[in-house]
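Okay, so here's the structure we're looking at.
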Amino acid sequence: MISQILSDSANLKSTLSVSTEFTESVGKAAEALFAVVKSGGTVYACGNGGSTCDAMHLCEELVARYKRNRPGIRAMHFMDPSFLTCWGNDFSLEDAFRRAAETFCTDKDVLIAISTSGNSKNVIHAVHAAKSKGSKVIGLLGRDGGALAPLVDIPIVVPASATERIQEVHITVIHIWCELLETHYGLAQS
């Protein structure tokens, strides 16, 4: 079983590594992230469950560091527990990410919308709000991209049905972005 899980994960990543559509969308998203960073904007991120952890991981890598010393990159996730529980109690958890996006996002920013199904209602609401504020939106999605794929500016779709395999690729994409920002785009200190 262990060997099969490792093999399934490696095979999916190997297949995606030769997909021009996939690698070009990851690169296009990295360029969009660099443009936001260079202009002084902020990277925002949201998702549910494991995707929440991926959003938090992305922000941690950007604010602190990935592998190299560099100035911090402005990044924030929408997972503040006091805000989420307040909004969820008083209104609805389905609208909590929307509220955060309409509060924080501007036309200088980018929202990373993470959903393994591509159909998370609260993430869809956040995308609409971010776009209404002029933010660029990148989707880290799974399966066929779901309802989010046509809504985001740059969809990165992992065409798999197993949530855990999709999440494994999502975290790899996050690490690719960090590597590109720190090396290819020269944000790390020499």
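The values are calculated or read from the model by the stated rules, or taken from the named source; none is laboratory data. On a predicted model such as this, the values are computed, not experimentally measured, just so you know. Because the Cβ atoms are built from the backbone with ideal geometry, glycine has one as well, and the counts that use them run over all protein chains shown.
Quick notes on this one:
- Of all residues making up segment 93-127, the number that are of a type in the set (S, T, Y), within 14 Å of the chain's Cα centre (by Cα) and more than 13 Å from N48 (Cβ to Cβ): 0
- Residue in segment 97-115 that is buried (at least 24 other Cβ atoms within 10 Å of the Cβ), in contact with a Pro (Cβ under 9 Å, 6 or more places away or on another chain) and either modelled with pLDDT of 95 or more or more than 15 Å from Q167 (Cβ to Cβ) (or both) present: no
- Annotation: V37 fulfils all but one of (1) touching a residue at least 60 places away in the same chain (Cβ under 8 Å); (2) part of a loop (DSSP other than H, G, I, E, B); (3) farther than 17 Å from L141 by Cα; the unmet one is (2).
- Taken over segment 10-26, the criterion of being free of Cβ contacts under 8 Å to residues at least 60 places away in the same chain and outside any loop (DSSP other than H, G, I, E, B) is satisfied by A10, N11, S14, T15, S17, T20, E21, T23, E24.
- In segment 44-59, residue surrounded by the most Cβ atoms within 10 Å (Cβ to Cβ) [restricted to those that are touching a residue at least 12 places away in the same chain (Cβ under 8 Å) and farther than 13 Å from G139 by Cα]: L58
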